Amino acid sequence: MDIDKNTTRDFFHSEESWQKTLEALLPLIHPVDQDATRIWFAFWPLRLHHILNQSEDLDQRVQTLEMEGRYWLKEQLDSSLHLLFAFQYWPAVKAAVRSFAESLTSCDESLESQIREVAKTLASDLKIPESHLIGITAGAFMALQQIGLPALATASTEASVKRSSPERFLRAQLKKRGRLFSFLKTVNSKHAIVFDERNKKCCFKAINGQDISMAAGMDRRDYLSADPRCSEGPIPFQCRTGTCGSCWIGVLRGKENLSPVSEFEKIRLEYFGYNFGISKCESHPPIRLSCQAKCYGDVSIAIPPWNGVLNVLRSDR
Ligand code: FES
């Protein structure tokens, strides 16, 4: 069997189909991973994959889209999923999706049903609720479509994470933030911005009402040597006026502690193509431009490894 051809044929779903599938699955995902799942899908949209893969002159396209950072999912599949609570089950999810894909004989079932079937079977094997696995299983299906079955099967799997329940996981996050918070409270009205929940050093402080990008810029540690986009602080930025799109972030926890998204910010998010799954009436979406989001409480964020202007090609299609 030619696995590549099989994968392409049976696992191709359009952006619209993915959008509908995610909308249907989101209420079924445990709350601990609902926003993390939305963020992962916004960080790795099918549109980005198509744009890069259907290009005859990749260098030219990258330049047109003003792409910066690391934008190939195949190079960072495992690390891209760290932001999910369910990452602890990733090796098992990957194996289950691979096995499902290899044994698939017909594609009569909808994408949603396929994802639910894999999550349900694995959850039963692991004796955990299905809701813990739906988000990460959806991610594995998207990865399957973007990088193919052989790559999904061979992508390196990091050492397994210590197993935890969502409740214990959230308590641990709160405890960590609580410690940071009490430290920061020694100076009035400062909030903790965590940008990698796995590492307690990955945190900076924000003054009440300060935008996150500006607060990140006050963090004087060296981030440039790890990411050429980060000249000041851990979040890339260029303009701080909503123009460049460098500073986008995912908000894992505490999105209600940020200022509501403005019409201007929504328009810019759409222009950059970062708005996957954001509804028009949503006042606190999990994807923000950090230079536009003012901080009024503790927040946990994820910083995407790339930035660009995906929708600059919309009119050419
Ligand atoms: S820094 Fe340019 S959009 Fe935020």
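The values are calculated or read from the model by the stated rules, or taken from the named source; none is laboratory data. Fair warning: this is a prediction, and the values are worked out from it, not measured in the lab. Note that we place each Cβ from the backbone using ideal geometry, even for glycine, and neighbour counts take in every protein chain shown.
Given the criteria hydrophobic (A, V, I, L, M, F, W, C), over 22 Å from the mean Cα position of the chain (by Cα) and at negative phi, does A86 qualify? Give the steps one after another, and end with the answer.
On the way: hydrophobic (A, V, I, L, M, F, W, C): yes; over 22 Å from the mean Cα position of the chain (by Cα): no; at negative phi: yes.
Taking the combined requirement at face value, the residue does not satisfy it.
Look through the range 219-265, keep the residues that are among the aliphatic types (A, V, I, L, M) and within 15 Å of the ligand (Cβ to nearest atom), and return whichever of them is surrounded by the fewest Cβ atoms within 10 Å (Cβ to Cβ).
So the residue we want is V261.
So is I278 within 14 Å of the ligand (Cβ to nearest atom), among the hydrophobic types (A, V, I, L, M, F, W, C) and within 20 Å of the chain's Cα centre (by Cα) or not?
Details: within 14 Å of the ligand (Cβ to nearest atom): no; among the hydrophobic types (A, V, I, L, M, F, W, C): yes; within 20 Å of the chain's Cα centre (by Cα): yes.
So I278 does not fit the description; no.
What are the pairs with Cβ atoms under 7 angstrom where one residue, in the range 35-56, is without any contact (Cβ under 8 Å) to a residue 12 or more places away in the chain and the other, located anywhere, is surrounded by fewer than 22 Cβ atoms within 10 Å (Cβ to Cβ) and not in a loop (DSSP other than H, G, I, E, B)? Sequence gap at least six, or different chains.
S55/R61
State whether one or more residues within the range 259-280 are closer than 21 Å to D219 by Cα and in contact (Cβ under 8 Å) with a residue 24 or more places away in the chain. Even if it seems obvious, please write down each step before you answer.
Start the filter on the range 259-280 by keeping residues that are closer than 21 Å to D219 by Cα, which leaves none.
Checked the range 259-280: no residue is closer than 21 Å to D219 by Cα and in contact (Cβ under 8 Å) with a residue 24 or more places away in the chain.
Name the single residue, out of those in the range 44-79 being touching a Ser or Thr at 6+ places or on another chain (Cβ under 7 Å) and in a helix (DSSP H, G or I), that is surrounded by the most Cβ atoms within 10 Å (Cβ to Cβ).
Of everything passing the filter in the range 44-79, L73 is surrounded by the most Cβ atoms within 10 Å (Cβ to Cβ).
Do we have any residue at all in the range 159-180 that's in a loop (DSSP other than H, G, I, E, B) and modelled with pLDDT of 95 or more?
The initial filter retains those residues of the range 159-180 that are in a loop (DSSP other than H, G, I, E, B), namely 159-165.
The next check asks that each one be modelled with pLDDT of 95 or more; those that pass are none.
Scanning the range 159-180 turns up no residue that is in a loop (DSSP other than H, G, I, E, B) and modelled with pLDDT of 95 or more.
Quick one: count up the residues across the range 80-107 that are part of a helix (DSSP H, G or I), among the hydroxyl-bearing types (S, T, Y) and free of Cβ contacts under 8 Å to residues at least 24 places away in the same chain. Before the answer, list the steps.
First, the residues of the range 80-107 that are part of a helix (DSSP H, G or I): 80-83, 85-103.
Then drop every residue that is not among the hydroxyl-bearing types (S, T, Y), which leaves 80, 89, 99, 103.
So of that shortlist, the ones also free of Cβ contacts under 8 Å to residues at least 24 places away in the same chain come out as 99, 103.
Number of matching residues: 2.
Suppose the filter is in a loop (DSSP other than H, G, I, E, B) and either crowded, with 23+ Cβ neighbours inside 10 Å or at pLDDT below 95 (or both); does P285 pass it? Write out each step before concluding.
Numbers: in a loop (DSSP other than H, G, I, E, B): yes; either crowded, with 23+ Cβ neighbours inside 10 Å or at pLDDT below 95 (or both): yes.
In short, yes.
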